[in-house]
Structures are given as structure tokens and as C-alpha cells.
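Following: one structure in C-alpha cells, then a few remarks.
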Amino acid sequence: MLGISPKTVHSSSDVLLSRGALESHLTPGPGHEFGKCSCSRNSRSLFGRLLNLASRASGLRSDNRKAYGYEVASTTETPDCVWMSGSPQRVRRGRRSRLPKLLLRVVLGLLTLILASFGVLHIVLVVLARKTFFSDVDLYNTYPPNWGKAGQVGEGLVDYPTDATRGVLPIPCASHNDYWRRVPLFDALHAGCSSVEADVWLFDGEDELLIGHNTASLTRERTFRSLYIDPLVELLDRMNPRTEFNNSTDHGVFDEDPAQTFVLLVDFKTAGHELFPRVLQQLEPLRRKNYLSYWDGNKLVSRAVTVVGTGNTPFDLVLEYQDGRDIFFDAPIDEMWESGEAEGEQDDRVSKRGQGKTGTGLTHSPNAFNVSNSYYASVSFKKSIGYLWRGRLSSEQLHLLRGQIRGAKRRGLQSRYWDTPSWPTSLRNHVWQVLLAEGADVLNVDDLRAAASLDWIDVKHDWLDA
């Protein structure tokens, strides 16, 4: 007979045979010796069937049992009656059946370790004053709870004339497509943005200038006056009260920094030469109360609001107003590239169309743009600087960026880049950091909350950023 000692019996769902049943059939009875057999024909046939059944369940054949770890011994009895050589072995679960559980434990252990590590890291950042435990908790609004209310301690001491923007620190950001905010203008002011962008449309037969990103979003209620001009006039009237102590109009929109001008960036969406005089007309309430910055023929007089025209704003019409000019141009910064050695040397990668090109003529020199007629110098970051394939600015991109900002500063203009990366946030934060470090004056932002938090300034390990 053949005697085999299985090192491992592989389980199978095709054969339902309990461990106890298998052991009971394979355990020798009285008069049996391992390696010999004196059982009856029926018993031998039963043992043979059981062995064949187990062999088929484990995928084993008689000719490859040894290859799967079976010890095959020579026997003298019929192959239908098989005994394991040596002592009987319990049928054990194979190693492969334990592998999924082992992998699951490893994965769960790694996840636990990672979460614990980030918890420790957050605590370290809190200790280093990089983070706060509960950033949304405003303790100042909860204590003391009734101070200043009617009939309570401090009654009449809470409010003051210029408290509309109390506690708001202005930051160098422009609210891109501001009309998309839940509360246009005031969401940006609450975040501290020193500039907002308004897309303005003019249609034949309409008395008002409409506000929206495209024609599908326009309504007759959302106008240049209702969203921006009238609210600014009302806010500035409050910030400049006529009292026995004050009779001036030089207080800006920010209580923390009254001298900070607020830039109203007007994006001309329709034909600029028809739209320009209508925009000038609707600025009259701000102009009449001396709230608009202007060029007096010799210098820029900064006031509470500075109006800058972008998009299809015609540069030739801006130049027509020599004295008292109170709408300024958003110049093309990609035309202002200068090397560090030779001023006026131009980069040959200059766009001939788009923002900052209307009404300029192709023969205009970049030196035509200066502080007397322009305020911003802007360009699309994606089109001018390009995509950041490695997640960082290359040396060539930095060289181009520095040359453009250098040219804008020499002309007294504030540099601004729009269409910057917004995702992933680590890349967005890197671009913001580089722009400010290289001298850009304003960030064009969509996420006001992220820009206002200023956490991105202190981030050193960008891969930890969400």
C-alpha cells in the first residue's frame, strides 16, 4: 500500500468534510499497524474513497503529492487502504487561509500609526503656535455675554461710528468674481480683501450696467449700482461721519487701516468704447463725495476707493482725462519684462491680444504705462508663466516672473496674477508664497477664507497640507 504523511491538507469549499470525521476515518483501529493493513474490503474501499475525496478537494493527484509536501512511502498493501506513516496528524488550516487576516491586521495597524502620528504632529504645531485646537471658536463673543446690552454693564459703550469693519485686517488679496459671493462686496470686506472684481455689461436700451460672469447669469436687479456703488457710498458715509470731531472724507473702508485704499476692479465685458462713459457716469456718487483716488496732473492722490478698468477697458479713453483722472488702467505686465542688467529689454513671449490690449494699439511702448494712467499690471499666470509640471516653479519660470514684476515696479505699478492654480491646495499655497516673496502686490483669490486665515504663509511642509 501507499502511505502518505500530509504536511498540510488544503481546504476546499467543494468538499464538506469535518476535521473530526476525517480523523475518525483515518485513525487505525485494533489490529492495525501503521504501514500495514488488515481491514476488510469494505473498509479499504471506504478509506480509498475518503483519500480520493480529500485529494480532489486539495487539488492533489497521486503523482504530484510529493511536490506539494507529501511524503510518499512504499507499501505492500492495496492502494485503496491508506495510512499515514508515523503518528496521526491533525488537519490544520493552511497558511494561505491565514494570509488575508494577516494583511488586514497590517493595514489596520498602519492606519492607526498614521492617525496617531498626525495627532502628535498637530499638538506639536499648536505648541509652536502654528495651529489652534479649535479654530472656529470665538471666545470674545462669549465673554462677558451681556456687556454693552441695554440695562447691562457697558451700555452705550459697544458701538462707535467706524465699527462696521471692526477687527478686520486688510490683506493684499483681490476677490475674484466677487459677484459670486453670498453677499457681494461685504464677504470680501469681512475677509479683509483690499480689492474686488466686478464684471460689467452694457446692453442697448438698458439704463443700468448689469453684473455677472456671462449673459446667462444676468438679471436686471443685480447691477453695478446696487451691488457696488450704492453699498460703498453708504459704508463710506458711515466711516466718515459728520460730527463735532470729524468733518473729513479720507477714512477708508477698513477701521484698522483708514489710509488703505479699496480697489474696485471693473472688468469691461462688452465693447469698451461704449461702456467706458457709462461707467464714468455711474461713479459720480463716489466722485461727488471725494471718495475716489485721482491723478491731479503731478501725482496720484489716494482716497478711499481706487477704480481700475480691466478686460476691454480702452486705454486711449483713459488717457483722454489728463487732470482729475479717477479711473486707471490694468496694464499688461507681460509686456514689461526686464532683465536685471538692461532696463527696457523685452521678453519675446508677449501676447498681442486680451486683457490690457484694448485701445493701446500695437505700436505702444511698455513705457506708456505708468503711475499717471495705470494702477495694476496683470496677466494670466497660466498663459504667461505656464503650468507647474513638477509642482514648483522652474528656474526659467522664476526668471520670467521676476522680470515681469521688476518691470512693473519700475513703472510704479502693482503686479497681479490671475488664473493661478487653485488645486491641490499645497500647490496653490506654494504659488501664493512665491508670488509674495518675489514682490507681487496682490493675490487674485477665489477662496477668501483660506487667504484670510494666513495659515498658508507659515506652511513649511506642503505635503501635509490638505
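Taking all protein chains together and a probe of 1.4 Å, list GLU335, GLU234, GLU274 from the most accessible to the least accessible.
From most exposed to least exposed: GLU234, GLU274, GLU335.
Between GLU155 and ASP204, what FRET efficiency follows from the Cβ-Cβ distance if R0 is 45 Å, with the result rounded to 0.05?
0.20
Using modelled amide H (1.01 Å from N, peptide plane; none on Pro or chain starts), what sits under 5 Å from the amide H of TRP337, excluding residues fewer than 5 places away?
Close amide H contacts, sequence-distant or interchain: ASP347.
What whole number of Å gives the distance from the Cα centroid of segment 149-183 to the Cα centroid of segment 196-238?
First find each Cα centre; the distance between them is then 23 Å.
Rounded to the nearest 10 Å², what accessible area does ARG98 show when all protein chains are kept and the probe is 1.4 Å?
Spelled out: ARG98, probe radius 1.4 Å, area about 130 Å².
So how do VAL371, VAL266 rank on accessible area, 1.4 Å probe, biggest first, that is with the largest at the start?
VAL371, VAL266
What are the ³J(HN,Hα) couplings of segment 153-164, residue after residue, when phi is run through the Karplus curve with 6.51, -1.76, 1.60 and θ = phi - 60°? Round to Hz, x for glycine and proline.
Using θ = phi - 60°, the values come out as 4, x, 4, x, 9, 7, 8, 8, x, 9, 8, 4 Hz.
Of the cross-linked pairs LYS383/LYS409; LYS149/LYS289; LYS299/LYS383; LYS289/LYS383; LYS289/LYS382, which ones have a Cα-Cα span greater than 30 Å in the structure shown?
Check vs 30 Å cut-off fails for LYS149/LYS289; LYS299/LYS383; LYS289/LYS383; LYS289/LYS382.
For a quick check: with amide H placed at 1.01 Å from N, whose amide H comes under 5 Å from PHE329's, ignoring anything fewer than 5 positions away on the same chain?
Correct list: GLY309, SER374, TYR375.
Give me the number: length gained by fully extending SER226 to GLN260, i.e. 0.36 nm times residue separation minus the C-alpha to C-alpha distance, one decimal in nm.
Answer, rounded to one decimal: 9.9 nm.
How much FRET efficiency would the formula 1/(1 + (r/R0)^6) give for TRP423 and VAL183, where r is the Cβ-Cβ distance and R0 is 30 Å, rounded to 0.05?
It comes out at approximately 0.75.
Quick one: which residues, 5 or more positions from VAL379 or on another chain, have an amide H under 5 Å from its amide H? H modelled 1.01 Å from N in the peptide plane, none for Pro or chain starts.
Result for VAL379 returns ILE333, ARG416, TRP418.
Residue-wise, which Karplus ³J(HN,Hα) couplings in Hz belong to segment 224-232, taking 6.51 cos²θ - 1.76 cosθ + 1.60, θ = phi - 60°, and x for glycine or proline?
Ordered by residue, 3J(HN,Hα) equals 4, 5, 5, 8, 10, 5, 4, x, 5 Hz.
Express in nm, to one decimal, how much length is gained between TYR387 and SER248 on full extension, taking 0.36 nm for each residue of separation and deducting their alpha carbon distance.
Length difference between fully extended and current span is 45.2 nm.
As an exercise, identify the GluC sites (Glu not before Pro) in segment 173-210 lying in DSSP coil whose Cβ has no more than 16 other Cβ atoms within 10 Å.
Filter output for segment 173-210: GLU206.
The values are calculated or read from the model by the stated rules, or taken from the named source; none is laboratory data. Since the structure is predicted, the reported quantities are computational estimates derived from the model, not experimental observations. Quick reminder, even Gly has a Cβ in these numbers, built from the backbone with ideal geometry, and neighbours come from all protein chains shown. What goes into the accessible areas is simple: the full protein's heavy atoms, side chains included, and nothing from ligands, DNA or RNA. Shrake-Rupley method; radii C 1.70, N 1.55, O 1.52, S 1.80 Å.
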